[in-house]
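Data first, discussion second: the structure below is written as structure tokens.
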Amino acid sequence: MITPGLLYLSGALLLFLPITNRIKYIMSFLITAGALIVTFYLIPGYSLELDFLKYTLVPFKVDNISKLTGLIFAVGGMAAVIYSINLCSLSNLRLIFVFIGSALTVVFAGDLFTLYVFWELMTISSSFIIIMASDVTKKTGYFYFLVQLVGGLSLLWGIFLQYSATGNLSLHAIEAGLPFFMIAIAIKLAFVGFHTWLPLVYSKAPFYVAVVLSIYTTKVGVYVMFRLLSGINILAYAGLISALFGVVMALRQKQVLRLLSYSIIIQVGYMIMGISIGTEEGTTGAIFHLVNHILYKTVLFMAVGVVIYTTGKDSFENLGVMGRKLPLTSIATLVAFLGIAGVPFFNGYMSKTIIKDALHEPLLKWGLDLMSFGTSLIFLKFIYYAFFKKSTINIDKKPAISMQFGLGFLTVFMIVIGINPFLLENLTTINLGINYFDKKHLLSGIQPFLWSIAAFILLKKYVVKNYQRLLYYDGYRKMAKLFVATGYKLSNYHDGKLNRYLVWATSTLIVLLLLLMF
Amino acid sequence: MEAAVWVIILPLLTAFFLGISKLYFKKILFPLVTGSAIIYLYLLISVSTNSYPPKVYSVGGWGLLGINLMVDPFAAMFLLIIAILFLPVILFSLKYIKIDKHDYFILTYLMIGGIAGMVLTADLFNLYVFLEVTSLSSCALVAIKKTDKAIEGAFKYLIMSTLGSFFILLATILTYHLAGTLNMAEIALEFKELPFKLKSILMALFVFGYALKIGLIPLHAWLPDAYEDSPIPYNVLSSGLVMKAAVYALIRVLYIIFGIDFLSESGMLAIGVFWGVITFIIAHLLAFQQTNLNRLLAYSSIAQIAYITIGLFVGTDGGLIGGSFHILNHAIMKGTLFLVIGIFYYSLSAINIKDIKGLGYQFPIISFTFVVASLSIVGLPPFNGFITKWLIIEAALEAGFGYAAFFILVGTFLSLTYYLKVIVTLYTKTEKKIVIKDPGLSLRLPTIFLGSLCIVFGIVPSLPLSLINKIPQFLLDHSEYIRILLGG
């Protein structure tokens, strides 16, 4: 049986052949569409075993949740590849294929070894996408790689602890080494304190890179959290804190891409809360939210990408071209906005409702409303600049057809899920028994949105304002400096004088003799 | 005569004939060198595939008194490394080396002969002789460029290496005095009755002597200086074979003569693991400071050999498998990296990190090979370095060296900091550089061959592991080795 991840990975290999542009298009389309179809026809319960070293690995295992996540990854992959095929170089297209392929393999991984290998392969490929993308992203890529490697290594250490405690590598709730798994996932999720890579990368890297990365990087973290750490109730508060931090930071940004990056942190907060509750309702809600979030956040990133492509910059002022010059992009943006704001009959509404239903503590419920309120406030600012504020900026060139196509493709999915929220339940054969369209749910869903409109009108001058960058203490930089300084001191001892080397040798001999004698 | 004997004799003979050809027929260098290398490849493979159960060759039919050679899986694995590395490096050197070509090849063949001897011998004095052959020809190779830096490096190397040899010889003489024999099996039997303290001192002398050759910190100082201006194909052999041969000899001496029980009782295993951890942490920190690529790779070699040391000193089946496998993998990875640097040096005389800026776009395939090898040496999946790191960490955890396992991961992070620095420089766009000499296929092919092995052994580790899995059987339990050696 051919796996969707393998399809993408072999696609990356095929792109090494000397091919023309035309074949590149056809091949990319065939692979992305093929992966989508293969994922759609996967049968839950199927699993594959493989002997590697002395372990029996399960590199491929399908269940309802992994199938749903795989499907949305395949949909996102198709849209992202179509969107960026004209923009990125061939070498980056290969890396994008490797990246998507490894993300899809992580989703269907049935053991910790496979999970780690492809988790790390995602890190490698995405770092090289960033490094190769342009000349200004070299340092960003360097930083990103190091941060992600710390995450990967703590995952590996956690896996070792888990393995030595339980003696097997199967993928189920963690028993040993919990803190290390948490660090690994916190870095992938851009949890507050570990989040610095996310706004940096998504705003510095070319927009098509941000589109591809934003679909998978944090979402894989969410998925793995669902597999390994679900049901740790205390983390729900952590998710809330992270999300509220995201709200505050997002409101202060001058760059649209940075705003979108912080909004990812908020949305991931919803998923953390859902997973931490640990009930079927909570986790299902989180995964459904993952699906919805991929749809609308990718559309928003793509729309901003179109703006950057046509005007050259991603400041808020440039969003003004949307309402006047880019009709299709505007419609997509509106649908995505209503989705992310959780307005009924749009896709974000259903998953937010499920998560809210799953929460029982009043503080969390209240926090969730605050998050929804903050999210729609942030995006009202976005919409304000896009459609209401007068702007004189003109577009330099028309958006490419492939970009519009990728954008439209996802918008259709959004509308369908919004109108028929039972679609995802039917697809996964999970029945939550929630009636999305009764009065209680509709009312509690629309409230934060309405409040935010009121707040926006009242507090417009505070929201639509250019804030200075918050000064903050960068601990990572301090640590790096310490590391470099230590190395420098050590290298100063190597002055090339032989007598010094001989002294070292003699003292080593003495120490060795002493250690062995006593 | 037996094939195993020829493994030692053939390189020595080739060196001899090369010397004659230098005097009389300069033209036959190429056929002589390649012909001998190809025959040697065949010999190595046929001997190493024939290693289970281990075979003993008594040279000249003198029995236990004379020279005995032993081919067990550990030796076979090392011969396999020579087989993988030797022919590519020889082909590379044929084009790369321009001056003193004959001298270079004479010394290289002498060195390989010495290494093969160290690997096969089952006799303590022969081990010392072959070690000296290896070290001296290696020193001469460092100096072959005759630049100031090269001669300075060679001088330091010579002094430190001789110091090491001195202690090894001292220990060998003491052993002979105490045991009355030089055959490893007989020594091991005699040593069972020796007082504990006496054995400890002997072991300290052996360990110190070999550690100087291996380059464990703080005995490593000669190594970067020696690598800085030596011919780059030699660096491949040095980090891949010469340093490893010292590790190999140390492990042979410790595990066969002293035995695992004594090692763990005297605390040598714990000392070895701790020493390894200190070594790679400092080496990684120092490597980050380097601007010269040769020196950077030298420090990285020190760190990688520390991983090997940890694996071998953990003292369990898993540790020996992981450590031995890392000997093989490190030879391949570091070989690839050095050859890539060699190509850059050959075609642009670029040796500092800033000189290779933008070459990623000028030499796409070669640079890709560099990226693969460096990710592999950092220890990232799906390359071969990851597999061995996994094995070593797992073994260290199992044996109770949790701190070592943890620090190996820290080391992985530290090693990425400097390799990524090089990679990023490689892919930073600048104006096109002028290529002085075209590297051609004869430089590219060996590099790409070694680079592709990084991927192959990462995805199909069972290929070498089928041989390596048999190593602990004859090393961890030395009675098996002794029985075979005495019986033969």
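Quick notes on this structure:
- Single residue of A:PRO4, A:PRO59 found to be in contact with a Leu (Cβ under 6 Å, 6 or more places away or on another chain) and under 26 Å from B:LEU463 (Cβ atoms): A:PRO59
- Each residue in segment A:126-141 was checked for being touching a residue at least 40 places away in the same chain (Cβ under 8 Å), of a type in the set (A, V, I, L, M, F, W, C) and at the interface with another protein chain (Cβ under 10 Å from one of its Cβ atoms), and 1 pass.
- From B:LYS432, B:LYS389, residue being within 11 Å of chain A (Cβ to nearest Cβ) and within 25 Å of A:GLY141 (Cβ to Cβ): B:LYS389
- Within segment B:23-48, the set of residues being surrounded by fewer than 16 Cβ atoms within 10 Å (Cβ to Cβ) and either closer than 17 Å to B:GLY117 by Cβ or of a type in the set (S, T, N, Q) (or both) comprises B:THR34, B:SER46.
- Taking segment B:207-272 and the helices (runs of 4 or more DSSP H) fully enclosed by it, the elements with 1 or more residues that are closer than 24 Å to B:ALA395 by Cα and more than 18 Å from the chain's Cα centre (by Cα) are at B:259-266.
- Matching entry among B:ILE168, B:ILE159 (being surrounded by fewer than 18 Cβ atoms within 10 Å (Cβ to Cβ) and within 18 Å of B:ILE214 (Cβ to Cβ)): B:ILE159
- Residue within segment A:48-58 that is more than 14 Å from chain B (Cβ to nearest Cβ) and in a helix (DSSP H, G or I) present: no
- Within segment B:407-443, considering residues that are aromatic (Phe, Trp, Tyr) and over 25 Å from B:LEU85 (Cβ atoms), the one farthest from the chain's Cα centre (by Cα): B:TYR427
- Here B:ASP438 qualifies as acidic (Asp, Glu) and closer than 27 Å to B:ILE356 by Cα.
- Here A:GLY246 fulfils each of the conditions (1) farther than 17 Å from A:LEU370 by Cβ; (2) surrounded by 24 or more Cβ atoms within 10 Å (Cβ to Cβ) apart from (1).
- Cβ-Cβ under 6 Å pairs, at least 6 apart or on other chains, segment A:142-153 side at the interface with another protein chain (Cβ under 10 Å from one of its Cβ atoms), far side of a type in the set (Asp, Glu): A:GLY152/A:GLU120
- Of everything in segment B:395-429 that is over 16 Å from A:LEU161 (Cα atoms) and charged (D, E, K, R), the residue that is farthest from the other protein chains (Cβ to nearest Cβ) is B:LYS421.
- Yes/no for B:GLU186 being surrounded by fewer than 23 Cβ atoms within 10 Å (Cβ to Cβ) and either in contact with a strand residue (DSSP E or B) (Cβ under 7 Å, 6 or more places away or on another chain) or without any contact (Cβ under 8 Å) to a residue 12 or more places away in the chain (or both): no
- Residue, nearest to the other protein chains (Cβ to nearest Cβ), within segment B:366-386, restricted to residues that are small (Gly, Ala, Ser) and crowded, with 24+ Cβ neighbours inside 10 Å: B:GLY379
Yes/no per residue for (1) at pLDDT below 95; (2) surrounded by fewer than 23 Cβ atoms within 10 Å (Cβ to Cβ); (3) outside any helix (DSSP H, G or I):
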position: B:ASN50; (1), (2), (3): yes, yes, yes
position: B:GLY66; (1), (2), (3): yes, yes, yes
position: B:MET77; (1), (2), (3): yes, yes, no
position: B:LEU80; (1), (2), (3): yes, yes, no
position: B:ILE99; (1), (2), (3): yes, yes, yes
position: B:PHE105; (1), (2), (3): yes, no, no
position: B:VAL142; (1), (2), (3): yes, no, no
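- Among residues of segment B:84-111 that are on the phi > 0 side of the Ramachandran plot, those with a Cβ under 9 angstrom from a residue that is among the basic types (Lys, Arg), sequence gap 6+ or separate chain, pair up as B:ASP100/B:LYS145; B:ASP100/B:LYS146.
- Residue that is surrounded by the most Cβ atoms within 10 Å (Cβ to Cβ), among those in segment A:468-494 that are part of a loop (DSSP other than H, G, I, E, B) and within 10 Å of another protein chain (Cβ to nearest Cβ): A:HIS494
- Criterion (buried (at least 22 other Cβ atoms within 10 Å of the Cβ) and either outside any loop (DSSP other than H, G, I, E, B) or in the same structural domain as A:GLY323 (by TED's automatic domain parsing) (or both)) met by exactly one of A:LEU423, A:LEU380: A:LEU380
The values are calculated or read from the model by the stated rules, or taken from the named source; none is laboratory data. Keep in mind that this is a model prediction, so the values were computed, not measured. Cβ coordinates were reconstructed from backbone atoms using ideal geometry, including for glycine residues, and neighbour counts include every protein chain displayed.
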